[in-house]
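The structure under discussion appears below in the form of structure tokens.
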Amino acid sequence: MKSIQSLLLAALLSMSSMATFAGPVNVNDADAENLADSLNGIGNKKALAIIAYRSTHGNFMTIDSLTQVKGIGTKTVEKNKELILLK
């Protein structure tokens, strides 16, 4: 009985962790909700700043160019490099 409970608990924990992972996001076409949900340290305000910046300046050509957005520094970009797509 304990092994069944352990297996069920492990299955529930793995499903809950999968549900919170949004995966890589294309910063050149994602909406604010997707940006905020997918990137660490990016809330709604910074997500809207990303959208405003790309509306004014066009698509991001490099991941590092995200540092041109007010409120986004190199540390934020570094911790999100694996989550950022530029398509």
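I need to check one value: relative contact order of the range 22-85, counting alpha carbon pairs closer than 8 Å and at least 6 residues apart, in percent.
The value is 39 percent.
Could you check the spin-label model distance between Ala52 and Lys87? Points 7 Å from the Cα along Cα→Cβ, value in nm.
Inter-label distance under the simple model: 2.8 nm.
Determine which lysines satisfy two conditions relative to Lys46: a Cα distance under 21 Å, and not lying fewer than 8 residues away in the same chain.
Lys70, Lys75, Lys79, Lys81, Lys87
Can you work out the Karplus-derived ³J(HN,Hα) for every residue in the range 25-36? Use 6.51 cos²θ - 1.76 cosθ + 1.60 with θ = phi - 60°, whole Hz, and x for glycine or proline.
Computed from phi, the couplings for the range 25-36 are 9, 7, 5, 8, 9, 6, 7, 4, 4, 5, 4, 5 Hz.
List the residues, sorted by chain then number, that are 5 or more residues from Asn28 or on another chain and whose placed amide H is less than 5 Å from its amide H.
Lys87
Express in nm, to one decimal, how much length is gained between Gln68 and Asn26 on full extension, taking 0.36 nm for each residue of separation and deducting their alpha carbon distance. Present the calculation step by step, with values, prior to reporting the outcome.
Numbers: separation 42, 0.36 × 42 = 15.12 nm, distance 1.69 nm.
Taking 0.36 nm per residue and subtracting the Cα distance, the gain is 13.4 nm.
Using Cα pairs under 8 angstrom and six or more residues apart, how large is the relative contact order of the range 48-87, in percent? Walk me through the numbers on the way to the answer.
Working: 23 pairs, mean separation 15.1, N = 40.
Taking the mean separation of contacting Cα pairs over the length of the range 48-87, I get 38 percent.
With θ set to phi - 60° and the Karplus curve 6.51 cos²θ - 1.76 cosθ + 1.60, what are the ³J(HN,Hα) couplings of the range 60-77 in order, to the nearest whole Hz, using x for Gly and Pro?
6, 8, 9, 5, 5, 5, 5, 5, 6, 7, 4, x, 10, x, 5, 5, 5, 5
Each value in this text was obtained by applying a stated rule to the coordinates, not by laboratory testing. The structure presented is a predicted model; accordingly, all values stated were derived computationally and were not measured. Cβ: placed from backbone, ideal geometry, glycine included. Neighbour counts: every protein chain shown.
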